[in-house]
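Structure record follows, encoded as structure tokens.
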């Protein structure tokens, strides 16, 4: 995880590749094992440390990131900005409004919403139920940069 945090500290000025388009990389430091993009991602988690690290990783990969620190905030932001948001990465376990309720609310606003469910817990029945309702992917926390990069691109590129 320390490697991911160190890489994330490089920030969004790092060379970026959007699938099918190369951005000039005068330093030759671009990592061909990572997938880059420019889409907008709503990142939802009640733990500030998780938000900070994941935001840095996503911005390093070129994405625009909108933050929500609660399920209620995520629903409100998505309602206002759903036309701008390409993907939601949301925690499963949050106080007051959990990930399952957030997903249901987003799906009601947009039946085609692309969501990656994240959890520090093992894949369980509750997560399985949300996946069966149309959630696009599940990622265990903590995130590794390579895994986050691949999963985000996979979901964004899916129909």
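The values are calculated or read from the model by the stated rules, or taken from the named source; none is laboratory data. Every value quoted in this text rests on a predicted model; they were computed, and no experiment measured them. Neighbour counts run over all protein chains shown; Cβ positions are idealised from the backbone, glycine included.
Here residue 128 meets each of (1) touching a residue at least 40 places away in the same chain (Cβ under 8 Å); (2) not in a loop (DSSP other than H, G, I, E, B) with one exception, condition (1). Restricted to the range 3-29, and to residues that are in contact with a strand residue (DSSP E or B) (Cβ under 7 Å, 6 or more places away or on another chain) and assigned to a loop (DSSP other than H, G, I, E, B), which residue is modelled with the highest pLDDT? The selected residue is 23. Restricting attention to the range 100-114, the residues being free of Cβ contacts under 8 Å to residues at least 40 places away in the same chain and in contact with a strand residue (DSSP E or B) (Cβ under 7 Å, 6 or more places away or on another chain) number 3. For the range 131-142, a tally of residues being in contact (Cβ under 8 Å) with a residue 24 or more places away in the chain, within 16 Å of residue 158 (Cα to Cα) and not in a loop (DSSP other than H, G, I, E, B) returns 0. The set of residues from the range 30-79 being part of a loop (DSSP other than H, G, I, E, B) and over 22 Å from residue 97 (Cα atoms) comprises 30, 31, 32, 33, 34, 35, 37, 38, 39, 61, 62, 63.
Identify the residue in the range 115-125 that is assigned to a loop (DSSP other than H, G, I, E, B) and touching a residue at least 24 places away in the same chain (Cβ under 8 Å) and, among all such residues, is farthest from residue 74 (Cα to Cα). The residue in question is 121.
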